[in-house]
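Working notes, structure below.
Derivation of every value follows stated rules applied to the coordinates shown; laboratory data play no part. Only a predicted model underlies this, so the values are computations on that prediction, with no experimental measurement involved. Every residue, glycine as well, gets a Cβ built from its backbone with ideal geometry; the counts of neighbours run over all protein chains shown.
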Amino acid sequence: MKELINSLKGDKVIWSFVALLALFSFMPVFSASSNLAYSNHGTGNTIGYLLKHLAHIFIGFVIIYWVHKVPYHYYKGISKIALPIVWLLLGYTLFKGTVIAGANASRWIQVPFIGITFQTSTLASIVLMLYVARYLSKTREEKITFQDSLIELWLPVFGTLIFILPANFSTAALIFAMVLMLTFVGKYPLKYIGIILGSGLAILVLFILLAKAFPDSHFFSRVDTWSSRIENFTSNKPGEDDYQIEKAKIAIASGGIYGLGPGKSVQKNFLPQSSSDFIYAIIVEEWGLIGGLGVLSMYLLLFFRFIVAAHKANSLFGKLLIVGLGFPMTFQAMINMAVAVELLPVTGQTLPLISSGGSSIWMTCIALGIIINVTKKEEEIAEEIKDKARRESALQKLIDKQLEEEDSQNEDASYSIEDNTNNPIKVVANK
C-alpha cells in the first residue's frame, strides 16, 4: 500500500480532495438510489447500485493513475487526432441517440456489447479544451490574425458546438464559455473575443429560429425541451420540471441546519434523478446546511488549488490545460447546486465525482489525470532543480574544504621558514 501511495505523483492536495469527494459520494448515492431500486417492480435492494458505483469509482481512479503517467505534451498530438473522431461520435449520437426509460436521450449512445450508456459531449469537451490549449500555446510567439485563427481555432470549436447544441444547450453553453475564458487566459486579442462572442449569440438566435421553423425535424427534437425550460424559468410559468424543482426545494428545506441524518431522506423516494442531477438536494436533506456548505467548500478549495497549480506550471500549455480542464469541473458543480436551489433552470449537469453514472465519472477522471500529470511534471522539474542545487552545494563545500587544507599547509610551511630564521642554532647548522 505504501508503495502504491508513493507511486502517486503530482499535487497531493488535488489527490486528497478527489479522494474525499469520491469517498463521500458513496453515502448519498447509496441512500438516493432507493427509488431506483423500487422502480419497475424492483426488489428495493440498493446494494447492487452501491457496488455499481464502487466499480465506477474504482475504474475512475485507475483512469487517473494511468493518465497521469503519460507525459502531458503528448496530448498536443492526441487532440488533433481525437477531434475528428469526436465529431463522428457526436454526429452518431445526435441522429442515433438512445432511449432511456422511454424518454428521448439523444445526448447518449449505448456502447455495443457492454450495455453502458455514454454521453459523448463530455468527451468532446475534454478533447476540445486540449485542442484550444494546443493552438494557443503554439501561437504565443506569433502575431495572431483573425483570419488564421478563424480557420484553425474557431471553425473546429463551432463545428463541435453545433453537434452538441441541439441536444444539450447547457453543455454547449458551458463549453463555449470555457473556451472564451481559455482564450482570454491564453492572451488571445480581446477584440477578437468580442467578435466571436457576438457571432456565437447570432448563431444561437439563428438556430432557435430554424428550430421554430422546422419543429418536426429530428435535428431539432430536443430544442423545444431546453428552450421551454428557459422560458418557464424566466417567466415563472408552470412546466414539467416544476415537480423536480419543488421536490428538491422541499428536500433542502427539510434538512435544516443539521439534516435528517444519513439515509433518512424522504424526498429521495419522490424526486426523479435523485442520485444524479438532484443529488445535492438529497445531501442537504440528510446532512443539513452544514453538509451542503461542506460540499460547496470542497469544490471551491479544489478550484483554488487548480489556480495555484496553474500559477506554478512552467509551460503555457500546462497552464492552459489546468484552466481548460479544471475550471469547467468546478463550474459544473456550481451549476448543479444552483439548479437544486432554483437559481438556474434545469440543465441536466451532474455533480462531478459525487453523482452516480459511469461515463460522467470517467470523463471527470480523465480531466483530473491530465491536470495531475501537469503538476507531476512541475514537481519533477522542481526536484531536478533541487538536486542540481544540492550537487552544486556539495561541490562548493568540497572545494572550500580543499582550499582550507591548502591554506593550512601553506601556513605550516611559513611557520617552518620563520623558525629556521629565528633560531640561532639552526642558522649555524644551516651554514
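Just add up the charged neighbours of Val266: K/R +1, D/E -1, any other residue whose Cβ is under 12 Å from the Cβ of Val266.
Taking every other residue near Val266 into account, the sum is +1.
Net charge around Ile252, counting only other residues with Cβ within less than 15 Å of its Cβ (Lys, Arg = +1; Asp, Glu = -1)?
After counting each charged neighbour, the total is -1.
Between region 301-355 and region 147-204, what is the C-alpha centre distance in whole Å?
18
Over 27 Å between Cα atoms: which of Lys80/Lys187; Lys96/Lys212; Lys9/Lys143; Lys138/Lys312; Lys12/Lys80 fall into that group?
Listed pairs above 27 Å: Lys9/Lys143; Lys12/Lys80.
In nm, to one decimal, how far is the Ile257 label point from the Phe95 one, both placed 7 Å along Cα→Cβ?
6.0
About its Cα centre, how strong a charge dipole does region 242-288 have in debye, to the nearest 20, once Lys and Arg get +1 and Asp and Glu get -1 at the Cβ?
Charge dipole, region 242-288, about its Cα centre: 120 debye, nearest 20.
Could you tell me the calculated FRET efficiency between Arg391 and His311, based on Cβ-Cβ distance and R0 = 22 angstrom, to the nearest 0.05?
Once rounded, the FRET efficiency stands at 0.20.
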